[in-house]
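Read through the structure below, which is laid out as structure tokens, and then see the notes.
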Amino acid sequence: MSERTLVLIKPDAVRRGLVGEVIGRFERKGLVIEAMVRRTMDSELADQHYAEHVDKPFYPPLKDFMTGGPLIAAVLSGDEAIDVVRKLVGATDGRAAAAGTIRGDFSLSNRENLVHASDSTDSAKREIGLWFPELAD
Ligand code: CMP
């Protein structure tokens, strides 16, 4: 079944010149870019996007990192896109992520891990509504 998912290409990937590499992997897989924008997250959007993490000890440095420079937000679509994108992205900690995944190939960190991808249909809907309200259904 075709699905939409929200992807953030995080500030570390933008800083390192890896946007094309990351987007290219999604495109070559066959996913369709429905929308894409370069934006710097502000404090309010960070707290909304990461609502489930705001009370966790890793949140303050995560927020500093995510609001510290421009990122690319995109909506991707395709058959089982939510799960497919998470497989391409790999495990949260780049040191543990499998080689061949984006994090496994390019990240050595569990914070600066290059990409965020929605983890369920509910979070995809919520996150697309936050970043691209014009696409909300
Ligand atoms: P993301 O997929 O954007 O969702 C939550 C983010 O929090 C995650 O990627 C990491 O960037 C970060 N994160 C998760 N767990 C930790 C942790 N234990 N320490 C630091 N950052 C973390």
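Observations on the model:
- Segment A99..T67, full-extension length gain: 8.7 nm, with 0.36 nm per residue of separation and the alpha-carbon distance subtracted.
- Within the chain, helix-based [θ] at 222 nm, where runs of 4 or more DSSP H residues each add -39,500 (n - 2.57), nearest 500: -11000 deg cm²/dmol
- Under 16 Å from the Cα of K63 - aspartates and glutamates, other chains or at least 8 residues apart: D12, D42, E44, D47, E52, D55, E112
- Phi to ³J(HN,Hα) by Karplus 6.51 cos²θ - 1.76 cosθ + 1.60 over the stretch 62-79, Hz, x for Gly, Pro: 5, 5, 4, 5, 6, 9, x, x, x, 10, 10, 9, 9, 9, 10, 10, x, 4
- Taking a straight Cα-Cα cut-off under 21 Å and skipping sequence neighbours fewer than 8 places away in the same chain, the lysines within cross-link reach of K125 are K10, K87.
- Convex hull volume per residue in cubic angstrom - Cα atoms of the chain: 99 Å³
- For the stretch 107-113, backbone phi angles converted through the Karplus equation (6.51, -1.76, 1.60; θ = phi - 60°) give residue-by-residue couplings of 10, 10, 9, 9, 9, 8, 10 Hz, Gly and Pro being listed as x.
- Charge tally in the Cβ shell below 14 Å around V7, where Lys, Arg are +1 and Asp, Glu are -1, V7 excluded: +2
- For K29, the aspartates and glutamates whose Cα falls under 17 Å of its own Cα, not counting residues fewer than eight places away in the same chain, are E3, E21, D79, E80, D83, D105.
No lab work stands behind these numbers, since they all come straight from the coordinates. These figures come from a predicted structure and were not determined experimentally. FYI the Cβ positions are ideal-geometry reconstructions off the backbone, even for glycines, and counts take in every protein chain you see.
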